[in-house]
Amino acid sequence: VQLQASGGGLVQTGGSLRLSCEASIRTFSNYDMAWYRQAPGKQRELVAQIRTSGSTKYVDSVKGRFTISRDNAKATVYLEMNSLKPEDTAVYYCHSRRIFSSADYWGQGTLVTVSS
């Protein structure tokens, strides 16, 4: 399984970015997907998750600003990020976990930098 994340970049405070993560998974609909991030000197944290059912959850700091979605036909998960803040600066990683399994996979990460 390979996860290819893209869409990161440099944006000003208040700006928007859309991250994409394309997965090389034939049964993509059987995988819970998530975005994590890791800021310099900090632990990796879960930002948003979308289950196979379509249910979502977010870390409190991004609620109302970020939206996770998935396109099973394209085997792709997205993270729409609006009203970006400098504290959103981090490397964002895509993660997948097959349901009813312990198998999970990480993408290579994409850097998001929000300037003040």
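The values are calculated or read from the model by the stated rules, or taken from the named source; none is laboratory data. Please read these numbers as outputs of a predicted model, since none were measured by experiment. Ideal geometry is used to build each Cβ from the backbone, glycine not excepted, and the neighbour counts take in all protein chains shown. With ligands, DNA and RNA removed, areas are computed over all heavy atoms of the protein, side chains included. Shrake-Rupley method; radii C 1.70, N 1.55, O 1.52, S 1.80 Å.
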DSSP bridge orientation in the chain - percent antiparallel, rounded to nearest 5: 90
Under-5 Å amide H pairs with residue 47, H placed in peptide plane, nonlocal only: 35, 36, 37
Among 28-37, 53-62, the order from most to least packed when residues are scored by Cβ within 10 Å on average: 28-37, 53-62
Accessible area (Å², 1.4 Å probe, nearest 10) - residue 87: 120
Over the range 1-82, relative contact order from alpha-carbon pairs under 8 Å, at least 6 apart, %: 31
Normalised contact order of the range 24-68, rounded percent, pairs of Cα under 8 Å and 6 or more residues apart: 29
Fully extended contour minus Cα-Cα distance, from residue 13 to residue 82, at 0.36 nm per residue: 23.9 nm
Cα gyration tensor shape of the range 7-116, rounded if a/c is under 1.5, else prolate or oblate by comparing a/b with b/c: prolate
